[in-house]
1. Taking the stated definitions as given, is Lys454 part of a helix (DSSP H, G or I), open to solvent by 20 Å² or more (accessible area, probe 1.4 Å) and closer than 26 Å to Thr177 by Cα?
2. Tally time: how many residues in the stretch 354-379 are open to solvent by 20 Å² or more (accessible area, probe 1.4 Å) and either of a type in the set (A, V, I, L, M) or in contact with a strand residue (DSSP E or B) (Cβ under 8 Å, 6 or more places away or on another chain) (or both)?
3. May I ask you to verify whether Gln61 is open to solvent by 10 Å² or more (accessible area, probe 1.4 Å) and over 30 Å from Ala427 (Cα atoms)?
4. Return the total of residues in the stretch 41-58 being hydrophobic (A, V, I, L, M, F, W, C), closer than 21 Å to Gln128 by Cβ and surrounded by fewer than 20 Cβ atoms within 10 Å (Cβ to Cβ).
5. Which of the following residues is part of a strand (DSSP E or B) and in contact with a Gly (Cβ under 9 Å, 6 or more places away or on another chain): Leu126, Leu104, Leu89, Leu117?
6. Of the conditions (1) modelled with pLDDT under 95; (2) closer than 18 Å to Ile40 by Cβ; (3) not in a loop (DSSP other than H, G, I, E, B), His141 satisfies every one except a single condition; which number is it?
7. Looking only at the stretch 105-127, count every residue that is more than 26 Å from Gly187 (Cβ to Cβ) and either surrounded by 16 or more Cβ atoms within 10 Å (Cβ to Cβ) or touching a strand residue (DSSP E or B) at 6+ places or on another chain (Cβ under 6 Å) (or both) and tell me the total.
8. Being over 18 Å from Ile124 (Cβ atoms), surrounded by 12 or more Cβ atoms within 10 Å (Cβ to Cβ) and not hydroxyl-bearing (Ser, Thr, Tyr) narrows it down to one of Leu13, Leu38, so name that one.
Amino acid sequence: FYKLLIDNVEELLPVVYTPTVGEACQKYGSIFSRPQGLYISLKEKGKILEVLKNWPERSIQVIVVTDGERILGLGDLGCQGMGIPVGKLALYTALGGVRPSACLPITLDVGTNNEALLNDEFYIGLRQKRATAQEYADFLHEFMTAVKQNYGEKVLIQFEDFANHNAFELLAKYGTTHLVFNDDIQGTASVVLSGLVAALKLVGGSLSEHSYLFLGAGEAGTGIAELIALEISRQTKAPIEECRKKIWLVDSKGLIVSSRKETLQHFKKPWAHEHEPVGNLLDAVKTIKPTVLIGTSGKGQTFTQEVVEAISSFNERPVIFALSNPTSQSECTAEQAYTWSKGRAVFASGSPFDPVEYDGKIYVPGQANNAYIFPGFGLGVVMSGAIRVHDDMLLAASEALAQQVTQENFDKGLTYPPFSNIRKISAHIAANVAAKAYELGLASRRPRPKDLVKYAESCMYSPLYRNYR
């Protein structure tokens, strides 16, 4: 399985991951044959440690856990969200070289609010509404405590596809006591920042000279925005509050401005700047005049022809990132972006699009796929024996990825390197992340290896068959 996946990664990635994994989760109950991960349900409250001990592998390095409430752009799929941890960990092995036996996919079954699933005879989870508030918090706390007790301090716990409010709270609550990483908030941010850094080589200027407009102010949008602000702050030495002012967010109620502050969720408040209210994306583009437009809304076809033409009217090379998954939810297609901008857009998307021919020229869209970052990031954390994740480690991962884009890639308009070199890219990301962990004093594996890239390559699991002839 892994040999096939590694040797044909560009062709098979969309099958193991987005967009196919979304459809697999929707149909998980009716195609279910055997469990590939560990299900922990509310019924096992008080016994979670015992349940973990039933998993046959003892030395686990990476856990990907979901509660299935916000699977990709598809919403609450309950227990059927297991496809995501299984798929992600297949990529941890294939792309990042983490041993398959050291990976543990977990789904926390706290019920589902999806009526269609509750009434589906093939639904595999608890048939009850989702646990919330204190009941949910207690269950999660027992789980986090049990994981640390059973697998120790250095197991990486990746939160995946939790609803917005829970995702931010869990990251803030356990970020100081556990080795935790949220791919939707942090992985997406890191991969997008890398694409922007690379895009600037095509567009010109530094990060701080551009202005950014987001459609979508959930986990991905605010996570990316914060990491961009952090990097601008690091480059210019300006306070982060100042750097945030270059970044504007539009949510379902329009532009996030200071007059809305009272009604905003806490994670949106830092982005409420002084400005008169603006009701929709098109008007926001016209008034803010951004150089970079980023879509994280989970809503398809929201970058309309008017929006793309508007941003192209005041930018020689508009940067347009349509990041929502799966393909059906993408804010616009590659063909639309290139056609409406008359071939001037620097475009990347979350799901894969084929190259586009426009006006006799071939344009190759970039894919801002988290699979560039999290496998290498996880390897870097594991091989350095890091005990916490620090934002600077995410910046280190972004830098390492941007450095892998060659002149040949830029000539095609690409802002990401091709996936065919992903294991080499992952080794460089891992080395950069580990170097930052050592520098910050968060690494526990001593002494520090001399050549971190070589060490990363030596740590990677490779499915090579011995030749007995």
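The values are calculated or read from the model by the stated rules, or taken from the named source; none is laboratory data. None of the values given here were measured: they were computed from a predicted structure. Neighbour counts are summed over all protein chains in view; Cβ atoms, including those assigned to glycine, are modelled from backbone coordinates with ideal geometry. Accessible surface areas use protein heavy atoms only, side chains included; no ligands, DNA or RNA. Shrake-Rupley method; radii C 1.70, N 1.55, O 1.52, S 1.80 Å.
1. Against the criterion (part of a helix (DSSP H, G or I), open to solvent by 20 Å² or more (accessible area, probe 1.4 Å) and closer than 26 Å to Thr177 by Cα), Lys454 does not qualify.
2. Residues meeting the conditions: 6.
3. No, not satisfied.
4. Matching residues across the stretch 41-58 total 2.
5. Among Leu126, Leu104, Leu89, Leu117, only Leu104 is part of a strand (DSSP E or B) and in contact with a Gly (Cβ under 9 Å, 6 or more places away or on another chain).
6. With respect to (1) modelled with pLDDT under 95; (2) closer than 18 Å to Ile40 by Cβ; (3) not in a loop (DSSP other than H, G, I, E, B), His141 is out only on (1).
7. 6
8. Only one candidate passes the filter, namely Leu13.
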